[in-house]
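Below is one structure, written out as structure tokens; comments come after it.
The values are calculated or read from the model by the stated rules, or taken from the named source; none is laboratory data. This is a predicted model, so every value here is computed, not measured. As a convention, Cβ positions derive from the backbone with ideal geometry for all residues, glycine included, and neighbour counts pool all protein chains shown. Accessible surface areas use protein heavy atoms only, side chains included; no ligands, DNA or RNA. Shrake-Rupley method; radii C 1.70, N 1.55, O 1.52, S 1.80 Å.
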Amino acid sequence: MSDLHAKPTGKCRPLAATGYGEVLTTTLAEHTHNGSSLFADPVAWLMAEAVARAVEDCPADLAAAGDHVAMIAISDVCTLDTMRTIARATPRGRLSPLKFAGANPGSVAGLPCIRGGFRGPTLTLSMPPEAALPAALAMAEGWIARGSARFVLVGAHRVDGDAHGARACVLQSPPTAKPYPEPDLKRLTAPVHVPADAAL
């Protein structure tokens, strides 16, 4: 949840992208790891995997900074698959309470945080990544400027035909005084192309 009462610590500064990860697949179910006590939508699991790769790529220890790591997830699909599963099951009268939680679009941001131990602000933007990126970047800059987070994970999910892509990057204030270019987040919105022989 966003900290609405945090006081600004200074002007918003251009951020640096210090980690990146992506998962591209045509077999979404193979990336799902539901169990008896945990259920999440396939998109949430894919996002969690992409975030884990971005965290691994980042030189900073995000696990140790858990209270100061925020997450913004973007997808115009979000948990639609689980919503449809619930709708189909309703006439039969047998619904799993876990699936209701898994149908919450906020879980696309929440599951990566649960898996990574991140406890900063979270936000899910249920809209196309291209349209959402300016708002996501402005929110990330604001959270960091206000002291609500030191790192912001921005993840975007996209579907092209049968191919799903989840991409994530780590944003933070430039770690050194040397000039850093503003982060280019366009690759988060790039079309998803999965080679036929890709092992994902």
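Restricting attention to the range 53-83, the residues that are over 16 Å from LEU188 (Cβ atoms), open to solvent by 10 Å² or more (accessible area, probe 1.4 Å) and modelled with pLDDT of 80 or more add up to 8. Basic (Lys, Arg) and at pLDDT 90 or above, is that true of ARG13? Judged against the criteria, ARG13 is not a match.
Within the range 163-186, the residues that satisfy the criterion of being modelled with pLDDT of 90 or more and either under 23 Å from SER126 (Cβ atoms) or among the basic types (Lys, Arg) (or both) are ALA163, HIS164, GLY165, ALA166, ARG167, ALA168, CYS169, VAL170, LEU171.
Take the conditions (1) assigned to a strand (DSSP E or B); (2) of a type in the set (A, V, I, L, M, F, W, C); (3) out of contact with any Asp or Glu (no Cβ under 7 Å at 6 or more places or on another chain); VAL23 misses just one of them, which is (3). Evaluating VAL108 against the criteria (1) out of contact with any strand residue (DSSP E or B) (no Cβ under 9 Å at 6 or more places or on another chain); (2) modelled with pLDDT under 95 leaves one unmet condition, (1).
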